[in-house]
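Have a look at the structure below before the remarks.
The values are calculated or read from the model by the stated rules, or taken from the named source; none is laboratory data. Computed from a predicted model, the values in this text were never measured in an experiment. As a convention, Cβ positions derive from the backbone with ideal geometry for all residues, glycine included, and neighbour counts pool all protein chains shown. We work out accessible area using only protein heavy atoms, side chains counted, and drop any ligands, DNA or RNA first. Shrake-Rupley method; radii C 1.70, N 1.55, O 1.52, S 1.80 Å.
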2 protein chains.
Amino acid sequence: MNRVKGMRDFDTELINEKDRIISRAEEVFTSFNFKKIDTPALEYFDTLSKQGAGGDEIENQTYNFYDFSKRRLGLRYDLTVPLARYLSQNTNFSIPQKLQRTGKVWRYEDTKKGRYREFSQCDIDIVGSKDMRADAQVLFCAYCALKNIGLSGFTFHINNRKLIDGVLNYIGIKEEQKTGVMRTIDKIEKLSKTELYREFAKYNIKKIRADEILNCCRLEGSMYEVLKGIKKRFPVEDEATVREGFLELEKLAEYLTAYGINNACRINLSIVRGLDYYTGCVFETKIKNEEKLGSICSGGRYNKMLGSFIGKDVACTGISIGVDRLLDYFIEIKKEEKTKMNNKAIFVANADEEHLVSAMNLVALLRKKLKSGSFIVETDAMGRKLSNQIKYADREKIRYVLIVGKDIETLKKVTFRDLDKHSEKQINADLAGIKKLIQ
Amino acid sequence: MNRVKGMRDFDTELINEKDRIISRAEEVFTSFNFKKIDTPALEYFDTLSKQGAGGDEIENQTYNFYDFSKRRLGLRYDLTVPLARYLSQNTNFSIPQKLQRTGKVWRYEDTKKGRYREFSQCDIDIVGSKDMRADAQVLFCAYCALKNIGLSGFTFHINNRKLIDGVLNYIGIKEEQKTGVMRTIDKIEKLSKTELYREFAKYNIKKIRADEILNCCRLEGSMYEVLKGIKKRFPVEDEATVREGFLELEKLAEYLTAYGINNACRINLSIVRGLDYYTGCVFETKIKNEEKLGSICSGGRYNKMLGSFIGKDVACTGISIGVDRLLDYFIEIKKEEKTKMNNKAIFVANADEEHLVSAMNLVALLRKKLKSGSFIVETDAMGRKLSNQIKYADREKIRYVLIVGKDIETLKKVTFRDLDKHSEKQINADLAGIKKLIQ
């Protein structure tokens, strides 16, 4: 039997590293006062495909089906739409709501290296603030989380949908062409120039106009540098949407500087993000020299999406850490550490069947007396003879072995073997004697 | 929009308590040297419905569907069948494999209080040992995990499928009736006597024979007491299957006594568990005076299931903690604790817009210098005036507020307010001064 196509199993090394990444992120989220919530893996398909959320187009990317009562369900493809649904069922919330979620999401996409049909995200969102200090807080929190995970050399690439929208107005792109154009801009790094022209042509954008768009998107650099460039090239004073976007980016740059993370931030006009629900600043995160990995932390401001669920607009901004991409990165760079003996592990062996119960007694004693969680206390589950029990301890990198044999009866002694130092001696089978040797 | 029927959202209190339960269990599992793995939520339906795993009958209880490439998929209904599939793809494993998994599972079942269509399990399994010391280890580990979660007053109810099978032979139940009879025995506590007769009748079991079965199942009590009762009433010497089951239970009782948990264990002949894949000892766990909650930790030995995946039998035994049932129990008994101010939380307020950047600088300083994770450092995300910022801090139970205003410029001072003591003073805006007051 195979695992489902495009999904992966996690062996012990992989799941332990994944757990580490998630707990490091959550630790920082909590220290920023983001409160955790959780929602089911399944949502009604109407929720997932709602106009303003995923829209009709997500149908082909979503695992969806009818249940036995003919309800149409789908596996969530992100943690943002379920958040909106959650809040729509508890509309009395005070603002701001600062929320974090961690969980698996599913997308029926082309499978290639580094893309999985099941993957995990860690999200934070600030609900109810339209102020740029919320966006800055989200980015600062993501920065601290990525640092806490152990990442360095990463850069936030920031853009603003309003700015791009205004620029497209200025170039003369029609309203009905914009979604298509945005989606094409989102592919700039993935497609060749010819392919991009072909994409633009789908939306009736000629080559010369496409070049204009591509030129605009080329602006990229440190925040104040790009802000200067925008002022020079675009009608910041004349076009209201351009101005709004510009001012938002300018504020954001000021706040990110105040938080001292400006060196990790750039403005990049080619970043628009695929999803329709973004309305203001958008963010992606790239690791230096690992650009092919894609964005490991993405998000932005979505001031309209909640409105389509609860009837009135609520400003939101948030970011999502792509746990599986980070995981692949960390597993890849993890040095070939020679697995060492575990100093915090004891194997209690029974020299023969007659001393099995005494060995079990000792296991129970150690487990009661050694601080739980700080020690592995292991024993045979197979009924193996002594030499094979010790082989198992060795394979499991358990450093200390206590052998319970006939000396336990009269002398109350056991054999203590250190598999790292290859030493062995008789010791008293009491806690004091054992503790001295293993700590 | 609603959440999907039968599933639940987790607010912050609920998810934090759930995370606590899981991490307490995993901590103990790891200290018993169970290695964590993880598998996808989706499996091919053929895997889930395999003969010897779930079988055809799980079809109606499983969320299953065809994907866009006409592959039939299903959401896993437990963590045991995916374990078998996982091992079947890595058949070189050494034995024993001691594995733990935590995750959500889905069942399309009647929804009633305490039953969810999405719920979480924490599992441990020992793969490759047919010895009763493995079953004892699994139960001892579950015992320590439940204790570590904070549970007391729980009892393991233990039975053996071979014993019951032999007893049914002895009574004269035919092979083809047995599955039905086992499934009916599993409902003894849920159904009335009349309903039980009706169930038995479905398998052609007359009332008098049904009474015989029900009488056999009435044996329940401390382990050695019930073992004595079995010896008296059943043909332990003459019927091979009865004898095998009896000897297994006897060994298990010896080992559980050696581990010192015999007082938490009973033999109960009415425990058979629904699933077909159990072949030896089976376990359920009940909380005293909370019997209606059902079993909060269940499992048993399944020596055949892996064989249906990898072609040769591999003996396995394991147990699964029902996280959601435990969660409901703990949330219910949680005393109405008056929410106290959080002593490990600071809110940095800006007295006015001119001092926003200075406030952000201070946030960045505190975040860098206070040990990450040990403090919440919060600040305004809304652009609110000072009094409303403080109201928010109060609502969030953040005890300490630092107000950054004009004194920061010339005097390098901020106002320190303790929302618990309702005190306020001017202090130096440096780390030493702040640390002294909050620690």
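Annotations for the structure displayed:
- Some residue of the stretch A:43-60 being polar (S, T, N, Q) and touching a Leu at 6+ places or on another chain (Cβ under 8 Å): no
- Number of the condition not met by A:Asn90 [criteria: (1) more than 7 Å from chain B (Cβ to nearest Cβ); (2) at pLDDT 95 or above]: (2)
- Every condition in (1) open to solvent by 40 Å² or more (accessible area, probe 1.4 Å); (2) in the same structural domain as A:Gly128 (by TED's automatic domain parsing); (3) modelled with pLDDT of 95 or more holds for A:Leu386 except the one numbered (2).
- Restricting attention to the stretch B:376-414, the residues that are in contact (Cβ under 8 Å) with a residue 40 or more places away in the chain and closer than 16 Å to B:Lys436 by Cα add up to 5.
- Inclusion of B:Ile149 among residues that are open to solvent by less than 10 Å² (accessible area, probe 1.4 Å), within 12 Å of chain A (Cβ to nearest Cβ) and more than 20 Å from A:Asn361 (Cα to Cα) is warranted.
- Conditions (1) over 18 Å from the mean Cα position of the chain (by Cα); (2) buried (at least 19 other Cβ atoms within 10 Å of the Cβ): number failed by A:Ile95: (2)
- Within the stretch A:106-114, the presence of at least one residue that is buried (at least 22 other Cβ atoms within 10 Å of the Cβ) and within 10 Å of chain B (Cβ to nearest Cβ) is confirmed.
- Within the stretch A:389-413, the set of residues being under 26 Å from B:Phe29 (Cβ atoms) and open to solvent by less than 40 Å² (accessible area, probe 1.4 Å) comprises A:Gln389, A:Ile390, A:Tyr392, A:Ala393, A:Glu396, A:Ile398, A:Arg399, A:Tyr400, A:Val401, A:Leu402, A:Ile403, A:Val404.
- Checked against (1) more than 14 Å from chain A (Cβ to nearest Cβ); (2) in contact with a Phe, Trp or Tyr (Cβ under 8 Å, 6 or more places away or on another chain); (3) within 24 Å of A:Ser94 (Cα to Cα), B:Leu386 meets all criteria but (2).
- Selection from the stretch A:383-436 of residues that are in contact with an Asp or Glu (Cβ under 8 Å, 6 or more places away or on another chain) and farther than 16 Å from A:His355 by Cβ: A:Tyr392, A:Ala393, A:Glu396, A:Ile398, A:Arg399, A:Tyr400, A:Asp418, A:Leu419, A:Glu424
- Scanning the stretch A:360-378 for residues being facing chain B (nearest Cβ under 7 Å) and within 37 Å of the chain's Cα centre (by Cα) gives a total of 7.
- Filtered residue count, the stretch B:8-23, keeping only those that are more than 8 Å from chain A (Cβ to nearest Cβ) and either closer than 30 Å to A:Arg395 by Cα or assigned to a loop (DSSP other than H, G, I, E, B) (or both): 2
- Checked against (1) of a type in the set (Ser, Thr, Tyr); (2) farther than 26 Å from B:Lys50 by Cβ; (3) away from every other protein chain (no Cβ under 12 Å), B:Tyr302 passes all but condition (2).
- Of all residues in the stretch A:24-61 being surrounded by fewer than 17 Cβ atoms within 10 Å (Cβ to Cβ) and under 16 Å from the mean Cα position of the chain (by Cα), the one that is farthest from the other protein chains (Cβ to nearest Cβ): A:Thr30
- Within the stretch A:64-77, the set of residues being crowded, with 20+ Cβ neighbours inside 10 Å and not in a strand (DSSP E or B) comprises A:Arg76, A:Tyr77.
- Exclusive hit being under 23 Å from A:Leu227 (Cα atoms) and under 31 Å from the mean Cα position of the chain (by Cα), set A:Leu163, A:Leu191, A:Leu168: A:Leu163
- When the stretch B:273-293 is filtered for residues that are in contact with a strand residue (DSSP E or B) (Cβ under 7 Å, 6 or more places away or on another chain) and not charged (D, E, K, R), the ones remaining, listed by number, are B:Tyr278, B:Thr279, B:Gly280, B:Cys281, B:Val282, B:Phe283, B:Thr285, B:Ile287, B:Leu293.
- Residue in the stretch B:64-81 that is facing chain A (nearest Cβ under 7 Å), more than 30 Å from A:Ala364 (Cβ to Cβ) and of a type in the set (Val, Ile, Thr) present: no
- Residues being touching a strand residue (DSSP E or B) at 6+ places or on another chain (Cβ under 9 Å) and in contact (Cβ under 8 Å) with a residue 40 or more places away in the chain - total across the stretch B:56-94: 12
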